[in-house]
Structure formats: structure tokens, C-alpha cells
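As C-alpha cells, the structure follows; a few thoughts come after it.
No value in this document is a laboratory result; all are computed from the given coordinates. Nothing here was measured: the structure is a model prediction, and the numbers come from that model. Cβ: placed from backbone, ideal geometry, glycine included. Neighbour counts: every protein chain shown.
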Amino acid sequence: MKGLIALCLGLLALADASRSPIQQKALDLVLEFFHSRDLVQSTFKEQAVTQVAEMGLPMGTYVQLEVDLVQTLCRKQQWRTQSCRIKLGGRKQKCLACFKFGSSNSENILDQSLRCLSEQNPIFQEAKRKQNQDCEAVKEANEEHYQPGQFAFSKALPLS
């Protein structure tokens with residue numbers, strides 16, 4: 001049993017290590033968004049990142065995530081605590097998120113879209129479809145303003 005737990009913890013550590021810093025930043029933003037909602041009373045932990053995509057674009061970096069969350073025994077204010085145990089039979093949530101980070105500074109979020117709900121919710125498939133549409137808009141954020149060679153600057157001669 002201890003060997004199985006050690007193997008699971010090792011796999012989780014490996015999954016965390018394979019994330020780029022900007023993907024980790026996106027995941028942190030998802031968790032912060034989820035725990036900031038008034039309806040949430042308990043801490044939820046990341047159970048799995050089921051889908052992740054990262055794309056470099058001229059105006060920034062686009063990251064899209066699907067994150068499975070599971071309820072823990074801790075209160076919502078303790079969501080940054082690593083020692084929260086998973087609640088047996090607890091609720092599960094899926095967060096769909098996409099972010100567009102500025103090219104010069106990953107702290108600069110150009111646009112974002114987030115939705116978290118249970119997969120058992122009757123509107124889940126509709127919410128997922130709408131999220132995909134919103135993520136396309138997030139991906140295109142500020143891109144229409146960038147056209148290589150669109151602007152030319154010249155230095156004027158001094159007036160005599």
C-alpha cells in the first residue's frame with residue numbers, strides 16, 4: 001500500500017515538473033478563480049489536468065486548460081495548503097479555462113475565459129461549446145492589431 005501511494009505521489013510530481021512556468025501560472029489562476037467564488041465553501045484540489053495546450057503568438061502566449069478538481073476536507077480559506085485530504089464521496093468539478101498572456105510579461109493577462117462546473121450538470125456540454133467559442137476570441141485578442149511591416153517610422157530632419 002505504501003508503495004502504491006509513493007508511486008502515485010511520484011507521478012503527480014512528474015506531471016507538475018512537465019508543466020511550463022506559464023502553464024503553472026494558468027493553473028494557479030484557475031484555482032484562485034475557483035476559490036474566489038461565493039458558492040465554494042471547501043477547498044478543491046487539482047486531481048488532473050486532462051487537457052493543456054500552449055501556443056506562442058505574435059502578441060503573446062495562449063494557454064488552454066481543462067482541470068479536474070476534487071473536494072477536500074479543508075475550508076475554502078485553506079486552499080493554498082498542500083496537506084488537505086480528499087473528501088471521500090466529495091464533489092468534483094471541471095474547470096475550462098484559457099488565457100492570453102502578454103509577450104513581454106507573463107503577469108500581463110491580455111484576455112481570459114474561465115468556467116467551472118460539474119460534468120453532471122445538464123448544461124455542461126453547452127457550457128463547453130460556449131467556452132470553446134470564447135477561447136477562440138481569447139486566442140485572437142490583440143492579434144488583429146499586429147501586422148508585421150504595417151507601421152513605418154522615419155526620423156524627420158530638424159527644422160532650420
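Restricting things to alpha carbons, find the Rg to Rh ratio for the range 22-142 using the Kirkwood radius for Rh.
Dividing the radius of gyration by the Kirkwood radius yields 0.99.
Can you list the aspartates and glutamates whose alpha carbon sits under 17 Å from that of Lys139, skipping same-chain ones fewer than 8 residues off?
Glu54, Glu66, Glu107, Asp111
Going highest first, how would you order 92-99, 22-29 by mean Cβ packing within 10 Å? The partial results should precede the final answer.
Working: 92-99: 21.5, 22-29: 18.0.
Per-residue Cβ counts within 10 Å, averaged per peptide and sorted highest first, yield 92-99, 22-29.
For the pair Met55 and Gln24, how long in nm is the line joining their label points, each one 7 Å along Cα→Cβ?
So the two model labels end up 2.5 nm from each other.
Among Glu119, Glu54, rank each residue by its count of other Cβ atoms within 10 Å, from fewest to most, as a rough exposure measure.
Details: Glu119 11, Glu54 16.
Going from sparsest to densest Cβ surroundings: Glu119, Glu54.
Would you order Ser106, Ser36 from fewest to most other beta-carbon atoms within 10 Å of each residue's own beta-carbon?
The most exposed by this proxy come first: Ser36, Ser106.
Run the quick spin-label model on Glu126 and Ser104: label points 7 Å from Cα toward the beta carbon, then report their separation in nm to one decimal.
Placing both labels 7 Å beyond Cα along the Cβ direction yields 4.3 nm.
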